[in-house]
1. Could the peptides 46-53, 30-37, 16-23 be put in order, highest first, of the mean number of other beta-carbon atoms found within 10 Å of their residues?
2. For q = 0.17, 0.22 Å⁻¹, what log10 I(q)/I(0) does the chain give under the Debye formula with an equal point scatterer on each alpha carbon and no solvent?
3. Could you work out how far apart the two model spin labels at residue 55 and residue 5 are, taking each label as a point 7 Å from the Cα in the direction of the beta carbon, and quote it in nm?
4. Let me have the 222 nm mean residue ellipticity of the chain computed from DSSP H runs of 4+ only, each contributing -39500 (n - 2.57), with the sum over all residues rounded to the nearest 500.
5. Once label points are set 7 Å from the Cα along Cα→Cβ at both residue 17 and residue 32, what is their separation, rounded to one decimal in nm?
6. Which of the listed residues, 42, 54, 30, is farthest toward the dipole's positive end in the chain, when Lys, Arg count +1 and Asp, Glu count -1 at the beta-carbon?
7. In degrees, nearest 10, range 0 to 90: what is the angle between the Cα axis of helix 23-36 and the longest Cα principal axis of the chain?
Amino acid sequence: MQPAQMGFQEIRVKVLVEGDASREELEEIVRQANFYSPVANSMRNPIPFSIALAD
């Protein structure tokens, strides 16, 4: 019997960004990176996923 809920329930990420930019500019950089991240977007908007035995 399979458990009712498998996998992650929540994923939180904190990033350390250092630079001469203001806090607001660094937050904007992180926001843009999150928005354009292929990994983050695939997790937010799941795509079909399949696994098969290799030939």
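1. Taking the mean over residues of other Cβ atoms within 10 Å, the ranking is 30-37, 16-23, 46-53.
2. Taking Cα atoms of the chain as identical point scatterers yields -0.77, -1.00.
3. 4.1 nm
4. Working: 2 runs with 21 residues, N = 55.
Helices in the chain give a 222 nm mean residue ellipticity of -11500 deg cm²/dmol.
5. 0.8 nm
6. Highest projection toward the positive end goes to 54.
7. 30 degrees
Read-outs: derived from the displayed coordinates by stated rules, not from any lab. Note that the structure is a prediction, hence the values are computed from the model and not measured. For neighbour counting, all protein chains shown are included, and Cβ atoms are generated from backbone atoms with ideal geometry for every residue, glycine included.
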